[in-house]
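The values are calculated or read from the model by the stated rules, or taken from the named source; none is laboratory data. Since this is a predicted model, take the numbers as computed values, not measurements. Cβ placement follows ideal geometry from the backbone for every residue including glycine, while neighbour counts extend to all protein chains displayed. Areas reflect the complete protein model, heavy atoms only, side chains present, ligands, DNA and RNA absent. Shrake-Rupley method; radii C 1.70, N 1.55, O 1.52, S 1.80 Å.
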Amino acid sequence: MKLVAVSAGLSTPSSTRLLADRLADAVRDELAGQGHTAEVEVIELRALAVAIANNLVTGFPPPQLAGAIEAVTSADGLVTVTPVFSASYSGLFKSFFDLIDPGALTGKPVLIGATGGTPRHSLVLDHALRPLFTYLRTAVLSTGVYAASEDWGSGSDAHTDGLPARIRRAGREMASILADRAARPAPKDDPTSSRKKLSDLRFD
C-alpha cells in the first residue's frame with residue numbers, strides 16, 4: 001500500500017518534516033508488524049511553493065506539482081503536517097490543498113499533525129486542520145499529533161504521554177485502518193445490475 005506524507009515546513013532542517021517522517025515511519029512499522037508492506041513518499045511543499053502560486057493564478061499545474069497532486073489523490077493514506085502560523089495552518093499548506101478537487105480525497109484516511117513554538121497552539125489540530133479535511137470529505141483520524149519545541153526529546157510522565165508515545169499511538173491507529181481496508185475483498189461488478197438499470201430506462 002502507498003502512504004504519502006505532506007510536509008509544509010519552510011526551513012531546512014525542519015521540525016515539521018521531522019514530525020512527518022516520524023509519523024510515516026510509525027505507520028509503516030506498525031503495518032510491517034501486521035504483515036503489510038507500505039511504500040512511503042514524502043512531499044515537501046517548500047520545493048513547490050512557486051509552482052503552487054503559479055497554479056493558483058493560471059489554473060495549470062507544472063509537471064512536478066501535478067505529480068505531487070497525483071501522489072496525494074492516489075495514496076491509500078495521508079500524513080499531513082503543517083507549522084502553525086497565526087494560530088492556524090500555513091498559507092502554503094492551505095494553498096496546496098486548495099488545488100485538489102474536493103471529491104478526490106473522499107474517504108481517504110488522514111493523519112493530521114502540526115508543529116509550533118508553544119503548547120498553546122495545540123488546538124490548531126481541532127480548530128483548523130480537522131475542519132479542513134472534513135470539508136474535503138476525508139476520514140480524519142481521531143488521533144492527531146502536535147509537537148511544540150519543548151516536546152522534542154521529552155518523555156512520558158504519570159499524567160501525559162510524551163511525543164514518541166503520541167506518535168506511536170497515531171501510527172497504530174492509521175495502520176489499523178489501512179490494514180482493515182486492505183483485508184476487505186474488492187467489490188465485484190454485478191453483470192445483472194447494468195442490465196437492470198438499462199431495463200429501467202424509458203425511451204418514450
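Entry note, the range 1-68: relative contact order of 36 percent, from Cα contacts under 8 Å with a spacing of 6+ residues. Overall size of the range 6-82 from C-alpha positions, given as principal axis extents largest first: 45, 27, 14 Å.
Between Ala87 and Asp180, the contour length at 0.36 nm per residue exceeds the Cα-Cα span by 30.0 nm.
Three principal axis extents of the range 2-200 based on alpha-carbon atoms, in descending order, are 65, 45, 28 Å.
Its relative contact order, with pairs defined as Cα atoms under 8 Å and 6+ residues apart, puts the chain at 23 percent. The portion of the accessible surface of the chain made up by carbon and sulfur, rounded to a whole percent, is 53 (1.4 Å probe; DNA, RNA and ligands excluded). Just the Kirkwood number for the range 39-126, please: inverse of mean 1/r across all distinct Cα pairs, in Å, one decimal. Roughly 14.0 Å, rounded to one decimal.
Helix 63-74 axis versus longest C-alpha principal axis of the chain: approximately 80°, rounded to the nearest ten. Ligands, DNA and RNA are left out, and with a 1.4 angstrom probe the accessible area of the range 2-200 is 52 Å² per residue. The magnitude of the dipole of the range 24-164, with charges of +1 and -1 set on the Cβ of Lys/Arg and Asp/Glu and taken from the Cα centre, is near 500 debye. Does anyone have the angle between helix 163-183 and the longest principal axis of the chain? Alpha-carbon axes, 0 to 90°, nearest 10? Helix 163-183 sits roughly 10 degrees off the main axis of the chain. Taking the C-alpha atoms only, the angle from helix 49-58 to the longest principal axis of the chain is near 40 degrees.
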